[in-house]
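What follows is one structure encoded as structure tokens, with my remarks underneath.
The values are calculated or read from the model by the stated rules, or taken from the named source; none is laboratory data. No experiment lies behind these values; they were computed from the predicted model shown. FYI the Cβ positions are ideal-geometry reconstructions off the backbone, even for glycines, and counts take in every protein chain you see.
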Amino acid sequence: MQQRIAKFSRILKIREDSRRNEQAILAAERSEERAALDHLTQLEGEKRQAISDFSTAGAKAVSATDLWFQRQFIDAINTDITRGQESLAEVRTRIVGTEARLVERHKDVRIMETYIDHLREANFQEQLGIEQNELDDVATMQFSRKGDY
């Protein structure tokens, strides 16, 4: 029984390692998500500033070329924002997949822990039964010796 418990304890350790790996992957993906969100926030700020500059440029005497370049800059920021949003969506999709895998890993670990606990309990009960039989044998021997006197 001890060998069986040891065998399943090794399997449990492997499953726990797998769960820890998934947790590390999830942490890295969450960090990547925060970085993407920060980048998008920064781009939105740049876009607001560029639009503000563009709208105030109309009140000043600026050449058409300057206005065109400012408009191109705003378009470039919009393109970067779109790419950032796509990247964020991709990261969030990966996070959903990783969370699902992590839940499965956690279930596997819990199942294995429960099984090992049952094995240990059965082993404990078996050991108690063996000890009880040994005590009964000792008591029987003691009782039979008293009858010899």
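Observations on the model:
- Meets criteria (of a type in the set (A, V, I, L, M, F, W, C), under 30 Å from Gln2 (Cα atoms) and assigned to a helix (DSSP H, G or I)) for Leu119: yes
- Entry remark, the stretch 107-149: residues being aliphatic (A, V, I, L, M) and surrounded by 11 or more Cβ atoms within 10 Å (Cβ to Cβ) number 6 in total.
- Restricting Ile74, Ile25, Ile5, Ile95 to residues that are surrounded by 13 or more Cβ atoms within 10 Å (Cβ to Cβ) and over 30 Å from Asp108 (Cα atoms) narrows the list to Ile74.
- The set of residues in the stretch 103-130 being under 30 Å from Glu22 (Cβ atoms) and in contact (Cβ under 8 Å) with a residue 60 or more places away in the chain consists of Arg105, His106, Asp108, Val109, Met112, Glu113, Tyr115, Ile116, Leu119, Arg120.
- For the stretch 60-88, filtered to residues that are of a type in the set (A, V, I, L, M, F, W, C) and more than 25 Å from Ala36 (Cα to Cα), the residue that is modelled with the lowest pLDDT is Ala61.
- Residues of the stretch 55-67 include at least one that is loosely packed, with under 11 Cβ neighbours inside 10 Å, part of a helix (DSSP H, G or I) and not hydroxyl-bearing (Ser, Thr, Tyr).
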